[in-house]
Amino acid sequence: MIAAATGVRLAVRLTPKGGVDRIDGIGLDAAGRTFVRARVAAPPEGGRANASLIRLLARALDLAPSRLAIAGGETSRTKQIAITGEPAALRQRLQQWVTTLHDRPEDH
């Protein structure tokens with residue numbers, strides 16, 4: 001999670017055509033950076049998987065989908081999601097949410 005002047009950015013690794021829309025937990029990349037693991041049933045064609053991801057994250061965070069946008073990685077599995085709002089409040093909400101993801105058992 002990165003703070004920005006108008007909100008925060010969240011790293012997400014997305015699996016399109018994953019059979020179901022869900023958050024799978026937290027992962028670490030090779031550099032040790034944290035990202036959210038998510039899957040959506042929609043295929044990547046026409047931005048459908050990205051739109052499903054935005055709706056999924058908005059529901060999970062109890063935010064309006066209009067507050068979330070793909071800020072980087074539009075055609076990549078690893079994406080940067082921009083979330084607009086007061087940065088300190090968003091950081092606190094995201095940190096609480098990420099803590100619940102860490103507590104989930106791994107899905108295999």
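The values are calculated or read from the model by the stated rules, or taken from the named source; none is laboratory data. Predicted, not measured: the structure shown is a model, and the values here were computed from it. Positions of Cβ are generated from backbone atoms using ideal geometry, with glycine treated the same way; all protein chains shown enter the neighbour counts.
Kindly indicate whether residue 9 is modelled with pLDDT under 95 and within 10 Å of the chain's Cα centre (by Cα). Show your work before the answer.
Details: modelled with pLDDT under 95: yes; within 10 Å of the chain's Cα centre (by Cα): yes.
Yes; evaluated as a whole, the condition is true for this residue.
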* **segment 64-76, subset touching a residue at least 24 places away in the same chain (Cβ under 8 Å) and either in contact with an Asp or Glu (Cβ under 9 Å, 6 or more places away or on another chain) or not in a strand (DSSP E or B) (or both), residue farthest from residue 35 (Cα to Cα)** => 67
* Qualifying residue in segment 76-91 (condition: surrounded by 13 or more Cβ atoms within 10 Å (Cβ to Cβ), touching a helix residue (DSSP H, G or I) at 6+ places or on another chain (Cβ under 8 Å) and charged (D, E, K, R)) -> yes
* Structure fact -> Of the residues in segment 1-59 that are in contact with a helix residue (DSSP H, G or I) (Cβ under 7 Å, 6 or more places away or on another chain) and assigned to a helix (DSSP H, G or I), the one that is surrounded by the most Cβ atoms within 10 Å (Cβ to Cβ) is 54
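Out of curiosity, is residue 79 in contact (Cβ under 8 Å) with a residue 40 or more places away in the chain and not in a helix (DSSP H, G or I)?
Numbers: in contact (Cβ under 8 Å) with a residue 40 or more places away in the chain: yes; not in a helix (DSSP H, G or I): yes.
Yes, satisfied.
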